[in-house]
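Participant: Can you read through this structure? Questions will come right after.
The values are calculated or read from the model by the stated rules, or taken from the named source; none is laboratory data. Bear in mind the structure is a predicted one, so any value in this text is a computation, not a measurement. Glycine gets a Cβ as well: all are built from the backbone with ideal geometry, and neighbour counts include every protein chain shown. Please note that ligands, DNA and RNA were not included when accessible areas were found on the heavy atoms of the full protein model with its side chains. Shrake-Rupley method; radii C 1.70, N 1.55, O 1.52, S 1.80 Å.
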Amino acid sequence: MNKRTIRDVDVQGKRVLVRVDFNVPLKDGSVADDTRIEAALPTIRHMLGRGAAVILMSHLGRPKGRVVDDLRLDPVAERLSELLGQPVGKANDCVGHEVTRAVEAMRPGDVLLLENTRFHGDEKANDPDFAAELAALADAFVNDAFGAAHRAHASTEGVARAMRAKGCPVVAGLLVEKELELLGGAVDSPQHPFFAILGGAKISGKIAVIESLLGRCDRLLIGGGMANTFFAAMGYEMGDSLVEDDAVPTARALLERASGRLVLPVDVVIADAFSNEAETKIVAPNEVSSGWQILDIGPKTVSTFASALQGAKTIVWNGPLGVFEMPTFAVGTFEVARLLAEMDATTIIGGGESAAAVRQAGLAHRMTHVSTGGGASLQFLEGKALPGVIVLDDKQGA
């Protein structure tokens, strides 16, 4: 990684504005999953230990530019305070006179969490005036929100430009550094054999990822709803299964390009309804009857994937292999997660549903890295630049 990090700057006595990704699920007014909050702790503790006053900002949910009380960050501030073992102040906005006064009252070692940046429409619009207001709060900017790094928003890309314009350092946090090093290593210089596993509902959102990985990996394993479109491209009847008809020609072309390096399911779990209580059967992919739909990979596919992954040194996995939210159709995803947990390989799990699946299986701690960014990790695997990263200061000589 050729970007400067918090290790490269002196934060003693400075106010540091940190973009974190605290877009966490809430339930009954409390944080339901604090994984993303915990992921930011090393960066926050690093700066507190070096005498900084830390100002945190994040989005939460999709308030669409208006104040939504259920999407306020107060529960996040409460949980962060518990994890840090010290009080965390909470502002009622992210800009304005009250926020400025609260920041001016901060002392080294203090932590202040600003309100949801997406309560302002100017956030997603990357409005330069709004970004300048954020930049005016601090002496340095740190982006530690990998999950939002693929968005050119005011709190990710715009504020970095505004901070640099006033001569302040603009650097990566420890989480972003870790994400870029591990994902970047998998993309640019993986240890071979390098295998990739792709799942999820649709192929359309991952065509660029498939094309990118086919140029890098030794074998690509496909599951989830996106496999249905490949089956349709092979002429199989899919019953009521999800198929992207518009993507069938693309799937056909990818099959031809893959030259045998693409591994598809050899058996599938089908159901007569999209329900955990539906009647199910295990059949070959070309035996899906009318009125039935594919909702998981079958046991023979798990064995096939296990054989295909033998000897792997690097494995990247993005997307569940079935409708894992329903226990009846989580078996395939969880079995493949167990395969990876047992392997002597670098295992990197893309964010979003992939991360949720391995956590639900209780195996996240046995993976080399579980990314905190779903869309960001996908875009990175495509080989695309992330706006929130590109804008950060380069290391000298890079």
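Participant: Which residue pairs have Cβ atoms under 6 Å apart, sit 6 or more places apart or on different chains, and have a first residue in the range 72-98 that is modelled with pLDDT under 95 and a second that is among the small types (Gly, Ala, Ser)?
Facilitator: Going by the 6 Å Cβ cut-off, there are no qualifying pairs.
Participant: Collect the residues in the range 89-120 that are of a type in the set (A, V, I, L, M) and either in a helix (DSSP H, G or I) or buried (at least 21 other Cβ atoms within 10 Å of the Cβ) (or both), keeping them in residue-number order.
Facilitator: The answer is ALA91, VAL95, VAL99, ALA102, VAL103, VAL111, LEU112, LEU113, LEU114.
Participant: Would you check if there is a residue in the range 353-373 being crowded, with 17+ Cβ neighbours inside 10 Å, small (Gly, Ala, Ser) and touching an Asp or Glu at 6+ places or on another chain (Cβ under 8 Å)?
Facilitator: Yes: one or more hits.
Participant: Please pick out the residue among GLY173, GLY223, GLY215, GLY199 that is over 17 Å from the mean Cα position of the chain (by Cα) and modelled with pLDDT of 90 or more.
Facilitator: The conditions single out GLY223.
Participant: Filter the range 189-231 down to the residues that are farther than 26 Å from GLY311 by Cα, among the polar types (S, T, N, Q) and free of Cβ contacts under 8 Å to residues at least 60 places away in the same chain and list them by number.
Facilitator: SER204, THR229
Participant: On to the next question. Restricted to the range 216-255, and to residues that are over 26 Å from ALA312 (Cβ atoms) and among the polar types (S, T, N, Q), which residue is least open to solvent (accessible area, probe 1.4 Å)?
Facilitator: SER241
Participant: Answer yes if at least one residue in the range 48-57 is crowded, with 16+ Cβ neighbours inside 10 Å, part of a loop (DSSP other than H, G, I, E, B) and among the basic types (Lys, Arg), and no otherwise.
Facilitator: yes
Participant: Separate question: Name the single residue that is nearest to ASP21 (Cα to Cα) among those in the range 67-103 being touching a strand residue (DSSP E or B) at 6+ places or on another chain (Cβ under 9 Å) and of a type in the set (Gly, Ala, Ser).
Facilitator: Filtering the range 67-103 for residues touching a strand residue (DSSP E or B) at 6+ places or on another chain (Cβ under 9 Å) gives 70-81, 84, 86-91, 94, 99, 102-103.
Narrowing the set further to residues that are of a type in the set (Gly, Ala, Ser) leaves 77, 81, 89, 91, 102.
Working: ALA77: 13, SER81: 16, GLY89: 17, ALA91: 17, ALA102: 22 Å.
The extreme case among them is ALA77.
Participant: Okay, next question. Looking only at the range 136-162, which residues are part of a helix (DSSP H, G or I) and surrounded by fewer than 23 Cβ atoms within 10 Å (Cβ to Cβ)?
Facilitator: ARG161, ALA162, listed by residue number.
Participant: Residue under question is ALA186, and the condition is that it be crowded, with 19+ Cβ neighbours inside 10 Å, hydrophobic (A, V, I, L, M, F, W, C), part of a helix (DSSP H, G or I) and modelled with pLDDT of 90 or more; does it hold?
Facilitator: So ALA186 does not fit the description; no.
Participant: Does ALA132 satisfy the condition of being modelled with pLDDT of 95 or more, over 22 Å from GLU38 (Cβ atoms) and either in a helix (DSSP H, G or I) or of a type in the set (D, E, K, R) (or both)? Explain how you work it out, then say what you get.
Facilitator: On the way: modelled with pLDDT of 95 or more: yes; over 22 Å from GLU38 (Cβ atoms): yes; either in a helix (DSSP H, G or I) or of a type in the set (D, E, K, R) (or both): yes.
So ALA132 fits the description; yes.
Participant: For the range 232-257, which residues satisfy the criterion of being assigned to a helix (DSSP H, G or I) and without any contact (Cβ under 8 Å) to a residue 40 or more places away in the chain?
Facilitator: ALA232, ALA233, ASP245, VAL248, PRO249, ARG252, ALA253, LEU255, GLU256
Participant: Within the range 293-302, is even one residue open to solvent by 20 Å² or more (accessible area, probe 1.4 Å), more than 19 Å from PHE334 (Cβ to Cβ) and modelled with pLDDT of 95 or more?
Facilitator: Yes, because at least one residue in the range 293-302 is open to solvent by 20 Å² or more (accessible area, probe 1.4 Å), more than 19 Å from PHE334 (Cβ to Cβ) and modelled with pLDDT of 95 or more.
Participant: Among the candidates GLU325, GLU279, single out the residue that is within 23 Å of the chain's Cα centre (by Cα) and either loosely packed, with under 15 Cβ neighbours inside 10 Å or under 30 Å from LEU183 (Cβ atoms) (or both).
Facilitator: Criteria check complete, one pass: GLU325.
Participant: Related question: Based on what the data block shows, is GLU123 closer than 15 Å to SER155 by Cβ, part of a helix (DSSP H, G or I) and within 22 Å of the chain's Cα centre (by Cα)?
Facilitator: Yes: the conditions hold for GLU123.
Participant: What residue, among those in the range 27-38 that are modelled with pLDDT of 95 or more and buried (at least 19 other Cβ atoms within 10 Å of the Cβ), is nearest to GLY109 (Cα to Cα)?
Facilitator: Result: ILE37.
Participant: Name, by its number, the condition in (1) open to solvent by less than 10 Å² (accessible area, probe 1.4 Å); (2) assigned to a loop (DSSP other than H, G, I, E, B); (3) more than 30 Å from ALA345 (Cβ to Cβ) that does not hold for ILE270.
Facilitator: (2)
Participant: Look at GLY184 and say whether it is within 30 Å of THR5 (Cα to Cα) and not aliphatic (A, V, I, L, M).
Facilitator: yes
Participant: Name every residue in the range 133-176 that is under 18 Å from ASN116 (Cα atoms) and out of contact with any helix residue (DSSP H, G or I) (no Cβ under 9 Å at 6 or more places or on another chain), in order of residue number.
Facilitator: Across the range 133-176, there are no qualifying residues.
Participant: Could I ask something else about it? Criterion first (outside any loop (DSSP other than H, G, I, E, B) and basic (Lys, Arg)) does ARG66 satisfy it? Spell out the reasoning first.
Facilitator: On the way: outside any loop (DSSP other than H, G, I, E, B): no; basic (Lys, Arg): yes.
In short, no.
Participant: Select from the range 256-267 the residues that are open to solvent by less than 20 Å² (accessible area, probe 1.4 Å) and under 15 Å from LEU213 (Cβ atoms) and list them in ascending order. Break it down stepwise before answering.
Facilitator: Step one: filter the range 256-267 for residues open to solvent by less than 20 Å² (accessible area, probe 1.4 Å), giving 258, 265, 267.
The answer is ALA258, and nothing else.
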